[in-house]
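One structure is given below, encoded as structure tokens.
The values are calculated or read from the model by the stated rules, or taken from the named source; none is laboratory data. Note that this is a predicted model, so its numbers are computed, not measured. Cβ: placed from backbone, ideal geometry, glycine included. Neighbour counts: every protein chain shown.
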Amino acid sequence: MKKISLVLTIFLSFSSYQSFAWGPEGHKIVGEVAQKYLSPAAKAKVAVMLKNKTLADEANWADSIKSNPEWDYTRTWHYVNIADNANYGDAPLNPAGDVVEAIGRLHKELMDKNLAEEKRIEALKFLVHFVGDIHQPLHAGRGEDRGGNDTEVNWDGVTKNLHYIWDTVLIEMKNKTYKQYAADLINTFGNNIKEYQQSDILIWVKDDMGCRDLIYKIKNKETGTGVSSHRNDNRVERDSGGGQGQKFSQIYAARVMPTLDLQLFKAGVRLANLLNQSL
Ligand SMILES: [Zn+2]
């Protein structure tokens, strides 16, 4: 009983502030990559279900409904919190659901041909978004800083939180349309799609957790920039890289972008794989 009330307290205090994973561009990029890897049969079914819209067109629907209180019960489905040395199965389950649980449940709904078509379409639209979310590594993040939302970074003189940097800032630095971004990802990683078509969702979570050291290396030894002042400062590692005169944002982006790009690509490939097998 004590455990349950603690979980509930944590859930209540966090739920209204947790942010939303990839920004709109990130989700569209994932949808666009997935669209390219759909089988002809799945592509035809998606077109019917989404009334000729693409996966990218609907990739942000699950965020757009958040302003409507009727959908409040879906808020926790966008993320999961897991401590550094724990596995998904060890973490206390959020009674309101989490992104791992939601993807499993919605996948079953999508495959259930007895379910009302409207419900299956809803499951499809949620899945397009949540398979993106779960590949933003801070969406399977540490609970203690709410997936980077409470970790502040001095981003060339402006304070930004780490979660927002990964959602939006880094992607915007590339200055590409989502279509161009997706095409470039396919160019870079497309020869190895078999390697990335992992369908075990627990491995997706492990991928995320494997990014943490890289993500949290935000203290710049040489310039002193990038230093965060926040209550989890002891968890932040010193950045050994970075030359004089370079902006911290550039140093950080150069180091993490290959990983961020691969996560976007994996999300697209895995989403396509899931849809090809389910539709
Ligand atoms: Zn989301």
**Request:** Only residues in the stretch 85-103 that are at positive phi count as the first member; pair them with residues that are at pLDDT 95 or above, Cβ under 6 angstrom, at least 6 apart or cross-chain, and list the lot.
**Result:** 97/76; 97/77
**Unmet criterion (only one of (1) over 18 Å from the mean Cα position of the chain (by Cα); (2) more than 26 Å from residue 262 (Cα to Cα)) for residue 65** = (1)
**Message:** Please go through the stretch 174-221 and give me each residue that is over 19 Å from residue 33 (Cα atoms), more than 18 Å from the chain's Cα centre (by Cα) and exposed (fewer than 15 other Cβ atoms within 10 Å of the Cβ), ordered by number.
**Reply:** 221
**Request:** Output the qualifying pairs, or none if there are none: Cβ atoms under 8 angstrom, residues six or more apart or on different chains, first residue in the stretch 23-52 and farther than 30 Å from residue 169 by Cα, second residue part of a helix (DSSP H, G or I) and within 16 Å of the ligand (Cβ to nearest atom).
**Result:** 46/55; 46/124; 49/124
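In this structure, does residue 43 turn out to be within 16 Å of the ligand (Cβ to nearest atom) and basic (Lys, Arg)?
Details: within 16 Å of the ligand (Cβ to nearest atom): no; basic (Lys, Arg): yes.
The answer is no for residue 43.
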